[in-house]
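These notes concern the structure reproduced below.
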Amino acid sequence: MMRSSRCICALLAVAALGLCPLGLLGQQDQSQQRRNPRTEFERFSFGVRLGYHITAQITEGSHEFTSTTTNPPTLFKTTSEPQQDSWGVGAGAQFNLLPRWGLTVDLIAHSVRFKTGTRVERRETPTRGRQLLSNEFIVTEGNHWDVPVLARYYLNGPRQRARPFFSGGVGMRMVRNAKATREIADIDGGESEFVTVTPDVVTNQTMALIGGIGFELIDDVNLKLSVEGRYMRWQQKTFEIGLANTLRNHVEIVLGLSF
């Protein structure tokens, strides 16, 4: 009986010694997970993007010129009026390469629409009122796709719920579906005439340097909400029609929701 008890104790001791390395390995695995919390799925995420241009894309203004070669003098007034260029929507992907370094690739589409016009009229005289000679407008519209490729540097580690970051990189813009319509207003008050014309596109594709700052919020299921302000310096203008010119410098706010 005593011999069997000694055997049981010896077996228990051997089992305990065998389980100790497994326990140590388990602790090492847990510590390794704490040091590298991101799994392969968490390293990659994609979602939707919403962009808003804080600064105007197309210049706005008016200019008047009076010609004294005629009697009475003739007044020329040119105008530029942006009508749609602020909001954009698209998609984006994010790659977390290192705990504090990431890479984002976005595709954001903006609709552009602006109106330019020239109004010609004779000055008012004591014997005759102001006389309208011509009134012509051109409405230009289209889409441009912006593709920013940006590196991100986070100021804290991946375990934090709020992660401020800096970003920088390059971007490409592609103009698509550009068209223009000329409206010739009837000076007698009748129906206007509309004619499709070729839009004055300076370039269909240009590049930009981009710098930004923002922060990212992460919840328990790895849903990411980001807000980022970006400054863009484009290499070339895309439109240039009279007073309507595409500005090469502008600021954009980008909201992102990634899964």
Whichever residue in the range 133-169 is touching a Gly at 6+ places or on another chain (Cβ under 8 Å) and polar (S, T, N, Q) and, among such residues, is surrounded by the fewest Cβ atoms within 10 Å (Cβ to Cβ)
135
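Among the residues of the range 90-117, write down those that are in a loop (DSSP other than H, G, I, E, B) and either at positive phi or not charged (D, E, K, R) (or both).
Across the range 90-117, the qualifying residue is only 99.
Rundown of residues vs (1) of a type in the set (Asp, Glu); (2) out of contact with any His (no Cβ under 9 Å at 6 or more places or on another chain); (3) assigned to a strand (DSSP E or B), yes/no style:
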{"position": "47", "(1), (2), (3)": "no, yes, yes"}
{"position": "52", "(1), (2), (3)": "no, yes, yes"}
{"position": "56", "(1), (2), (3)": "no, no, no"}
{"position": "64", "(1), (2), (3)": "yes, yes, yes"}
{"position": "69", "(1), (2), (3)": "no, yes, no"}
{"position": "72", "(1), (2), (3)": "no, yes, no"}
{"position": "76", "(1), (2), (3)": "no, no, yes"}
{"position": "81", "(1), (2), (3)": "yes, yes, yes"}
{"position": "88", "(1), (2), (3)": "no, no, yes"}
Answer from 176, 230 - the residue that is assigned to a strand (DSSP E or B), within 20 Å of the chain's Cα centre (by Cα) and at pLDDT 95 or above:
230
Being among the β-branched types (Val, Ile, Thr) and touching a strand residue (DSSP E or B) at 6+ places or on another chain (Cβ under 9 Å) is the filter here, so list the residues in the range 126-139 that pass it.
138, 139
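Does any residue of the range 105-127 turn out to be aromatic (Phe, Trp, Tyr), more than 30 Å from residue 164 (Cα to Cα), touching a Pro at 6+ places or on another chain (Cβ under 8 Å) and buried (at least 18 other Cβ atoms within 10 Å of the Cβ)?
Scanning the range 105-127 turns up at least one residue that is aromatic (Phe, Trp, Tyr), more than 30 Å from residue 164 (Cα to Cα), touching a Pro at 6+ places or on another chain (Cβ under 8 Å) and buried (at least 18 other Cβ atoms within 10 Å of the Cβ).
The values are calculated or read from the model by the stated rules, or taken from the named source; none is laboratory data. Keep in mind it's a predicted model, so treat the numbers as computed, not measured. No Cβ is skipped: glycine too gets one built from the backbone with ideal geometry, and neighbour counts run over all protein chains shown.
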